[in-house]
Amino acid sequence: MGNKSVEKVKRKAIFRSIAVVLVLIVIIASAAVLAAKFGPNAEKTESETTVQTVDRNEQPDSASPNSGNEVSQSGSGFPLSFPSSNIVDIEAVDSSIYVLTNEMLYCISSSGKLKFSEVLNYSQPVIKTSGKYGIVFDRMSGKYLIVSKSRIIYSAKSLDSSQIITAQIAGDGSYAIASRSSEAACILTYYDKRGREKFSWACMKDHIVSIDIASNGRKLACAALSAAEGEIETKVYMLDIYSDKTEWEYTVKGSAAVNICFVSSGRLGLLCNNANLILDPGKDEPVVLNDKYTSTLLDSYTDQSGYRVTLTAKFGSFSGYELKCFSPGGSAAYVYETESKATDIFCSGKRAYLLTDSQIIYINSFGNESKRVNLEASGLGITVASGRIYYYSLNTLYKS
């Protein structure tokens, strides 16, 4: 499972997922008419199966920053300030740290040196990573980049430059994109590491909110939101990339999906607004775990080995927090409670890191607090690369 892609879920994604459902009833009515025209087995035209890519393999491993978007350092190494705009997110690709803003993408080495920067000018930028590769995309324009630890491999656009709902990249560099379509609720497209389309599937009625690629590169999983008689429900689909078929599907009523991922032994981890589930497609009763929340879900993180941590507000308020760690098989490893205001979480196996507005709290594999490190500034997000912790404030990147 070491190559399984990593997906971090923020609280705003939860509310975005639920908000999408409000428009589903109207869209579903019109989508049924289009099913015959653009079903899963509809014939693809030349234009529908070609990705417009720009090869970036000749880009050097080290490039100077773009004019007007320099990185500011008080000395050598960290911290690094990005005065041009606020940081949207940070993610690790191998030992490098990618810093994403609306206007720019920066690649930073572990020693704090700028490897390269790229002008983006994205409206709604998102970055997803999988160990050695990353995908950076704009939800509005359909533009995206595939990156390694030191360069942009290539840039491209989604089919017909349509808006990207979500995307995911695998450890081998292959990736999948769910995009909006005038012919269906959305289209799920899978590409190999060279950007060649290998699979396309039309989701006629449901709106995909999360996708993942199996570590063996043979299967895709997606979670989609739907509405039945005014009730929110989540549809889970498992697709075979090579046979172009839907292998398995399952409906979770009364829950809105936030994140889906492959975990251990072909199982799926499904995070919803009100429960954390483990599903086993090979069983007649596929629900292995159904951990329902008694309070508000704030955040979650799933690492490359399938361990997941969830963060909820105790008693439905912001007076206290509960962090749960789950094994890939679905068993609860431990529960950690704190009164500290949490802004982000991260895990590596059973070890978890909780970022507050003033500290990083280290939690060992037994669920006990091992130490606290004071922050130089109020922390907004955290990631780990090669065993070192990085966090960011409004426009500054720090190394702990």
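The values are calculated or read from the model by the stated rules, or taken from the named source; none is laboratory data. This is a predicted model, so every value here is computed, not measured. Glycine gets a Cβ as well: all are built from the backbone with ideal geometry, and neighbour counts include every protein chain shown. Just the protein is used for accessible areas: all its heavy atoms, side chains included, with ligands, DNA and RNA removed. Shrake-Rupley method; radii C 1.70, N 1.55, O 1.52, S 1.80 Å.
Taking the range 271-329, which residues are touching a residue at least 40 places away in the same chain (Cβ under 8 Å), open to solvent by 20 Å² or more (accessible area, probe 1.4 Å) and among the acidic types (Asp, Glu)? Residue satisfying the conditions is ASP291 alone.
Among the residues of the range 255-267, are any under 25 Å from TYR175 (Cβ atoms), among the hydroxyl-bearing types (Ser, Thr, Tyr), over 23 Å from the mean Cα position of the chain (by Cα) and in a loop (DSSP other than H, G, I, E, B)? No - not one qualifying residue is present in the range 255-267. Quick check, is GLY306 within 23 Å of the chain's Cα centre (by Cα) and closer than 30 Å to GLY171 by Cα? Yes. Remark: pairs (first residue in the range 158-177, over 19 Å from MET140 (Cβ atoms); second residue among the charged types (D, E, K, R) and open to solvent by 10 Å² or more (accessible area, probe 1.4 Å); Cβ separation under 7 Å; 6+ apart in sequence or on different chains) = ILE169/LYS128; GLY171/LYS132; ASP172/LYS193; GLY173/LYS193; SER174/ASP192; SER174/LYS193. How many residues does the range 177-219 contain that are of a type in the set (Ser, Thr, Tyr), in contact with a helix residue (DSSP H, G or I) (Cβ under 9 Å, 6 or more places away or on another chain), part of a strand (DSSP E or B) and farther than 22 Å from LYS253 by Cα? Number satisfying all stated conditions: 3. Annotation: of all residues in the range 80-99 being of a type in the set (Gly, Ala, Ser) and in a strand (DSSP E or B), the one that is surrounded by the most Cβ atoms within 10 Å (Cβ to Cβ) is SER96. Residue count for the range 140-176 satisfying the condition of being under 17 Å from ALA214 (Cβ atoms), of a type outside the set (S, T, N, Q) and in a strand (DSSP E or B): 4.
On the stretch given as the range 339-388, residues that are assigned to a strand (DSSP E or B), open to solvent by 10 Å² or more (accessible area, probe 1.4 Å) and farther than 22 Å from SER95 by Cβ total 8. Would you please name the residue that is nearest to MET204 (Cα to Cα), looking only at residues in the range 133-163 that are of a type in the set (A, V, I, L, M, F, W, C) and modelled with pLDDT of 95 or more? Ranking the candidates gives PHE137 first.
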